[in-house]
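Report on the following structure.
The values are calculated or read from the model by the stated rules, or taken from the named source; none is laboratory data. Keep in mind it's a predicted model, so treat the numbers as computed, not measured. A quick note on method: Cβ atoms are made from the backbone with ideal geometry, for glycine too, and the neighbour counts reach across all protein chains shown. The accessibility values were calculated without ligands, DNA or RNA, using every heavy atom of the protein model including side chains. Shrake-Rupley method; radii C 1.70, N 1.55, O 1.52, S 1.80 Å.
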Amino acid sequence: MQQMGSEAMDLPSLWEKALKLIGPEKGVVHLATAAVLNAVWDLWAKQEGKPLWKLLVDMDPRTLLSCIDFRYITDVLTEEEAYEILREGEAAKKEREKQMLAQGYPAYTTSCAWLGYSDDMLKQLCTKALKDGWTRFKVKVGGDIQDDIRRCRLIRNMIGSDKTLMLDANQRWDVPEAVEWMAKLAEFKPLWIEEPTSPDDILGHAAISKALAPLGIGVATGEQCHNRVMFKQLLQAKALQFLQIDSCRLGSVNENLSVLLMAKKFQIPVCPHAGGVGLCELVQHLIIFDFISISASLENRMCEYVDHLHEHFKYPVRIQKAAYMPPKDPGYSTEMKEESIKQHQYPDGDVWKKLLAAQGN
């Protein structure tokens, strides 16, 4: 493999070649593009001896912009506009980096209130989260309205009126149903409703946003957003008030950079989706970079955190006082432990052997 560096790396060309080979820019093929290019970013950061967020922060603006494909989005963001955003972000950048290293990036927890948890489980998990210093909580909704009312009331009463509550419907409703359902949950003062309807329905999200605005409830979406074009249209249509990038759904760091810059232009806060296997480890780099070099703001901004599966990674996230502390190890924090990989290999890993044996196979 050729020597990697800011001049030798040709990520724009690699991006274009990958899309030509396996396009279009959505679905499984786009996820595959993300996997390959995220791995390249990991290698580049390791070559430079820096965590990915620091590689991006230290990168010359023109070099960084050369990694972005502006095709299809120049009607809302040109390369020169993006350059001006990065140039303006140079002001007080060192101070913001010091702030991140000292305090970390604000996080919220999704681990307390999954659908299907008993009230006792909700109380137990919420009590522990409050003790650990969490101030932002997300509740899953959309199964049954009376159940949602009871669970939201329970959580709101436990966390008090001074802490932040968000709701997540995971694409459950039609547009009119979303508006009606959320009107009944408005008394609990949620900051947002996440994925209220089909993630592809841009105009539906716009209609919901308009209807819920008088109630003081925003719409959050993006974890299932295929590409930068969809994000562009969501922003143009005023269909979201909180933008949720995903480190693996979009086409790697390259495409996420374009969305972060568009969000800055439209003055929409970015609150990334995380959880799953490694998403927290990955997206922490993007949001820390966003604060230091692009947004320069923490107002109404937070990054999702889910507390499971981190034990499988060599460099798991570090959460202190409900905040992501910037990774210090070189790379994109993607390496899994060899033992975890071995245990989960199909079909000979111990995890699969036990599962197949239990199914009688």
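Neighbours of Asp132 by Cβ distance under 11 Å: Lys/Arg scored +1, Asp/Glu scored -1, total +2.
Taking GluC sites (Glu not before Pro) as exposed when DSSP calls them loop (any state but H, G, I, E, B) and at most 11 other Cβ atoms lie within 10 Å, what is the longest stretch of the chain free of them, the sites themselves excluded?
On the way: sites that count: Glu7, Glu90, Glu299.
The segment 91-298 is the longest one with no such site.
In the complete set of protein chains, residue-level accessible area for Lys314 is approximately 90 Å², probe 1.4 angstrom.
Using a cutoff of 8 angstrom between alpha carbon atoms and counting only pairs six or more residues apart, the relative contact order for the range 59-217 works out to 16 percent. In the chain, what percent of the accessible surface is made up of carbon and sulfur (1.4 Å probe, ligands and nucleic acids excluded)? The C+S portion of the solvent-accessible surface of the chain is 52 percent. Take every pair of alpha-carbon atoms less than 8 Å apart whose residues are at least six positions apart; their mean separation over the length of the range 93-152 yields a relative contact order of 38 percent. A straight line joining the Cα centroids of the range 308-354 and the range 154-169 runs 30 Å. Placing Leu31, Leu154, Leu203 in order of accessible area, with the largest value first and a 1.4 Å probe, yields Leu203, Leu31, Leu154. For the chain, the relative contact order is 22 percent, taking Cα pairs closer than 8 Å that sit 6 or more residues apart in sequence and dividing their mean separation by the residue count. Were the residues from Asp60 through Leu356 laid out at 0.36 nm apart, the gain over their Cα-Cα distance would be 101.4 nm. Summed over the residues of the chain and divided among them, the accessible surface reaches 45 Å² per residue at a probe radius of 1.4 Å.
Only protein heavy atoms count here; under a 1.4 Å probe, Thr78 has an accessible surface of about 50 Å². The listed residues His310, His285, once ranked by accessible area (1.4 Å probe) with the largest placed first, stand as His310, His285. Note on Asp120 and Lys342: the extension gain reaches 76.3 nm, defined as 0.36 nm multiplied by sequence separation minus the Cα-Cα distance. Only protein heavy atoms count here; on that basis, with a 1.4 Å probe, Arg153 has an accessible area of about 100 Å².
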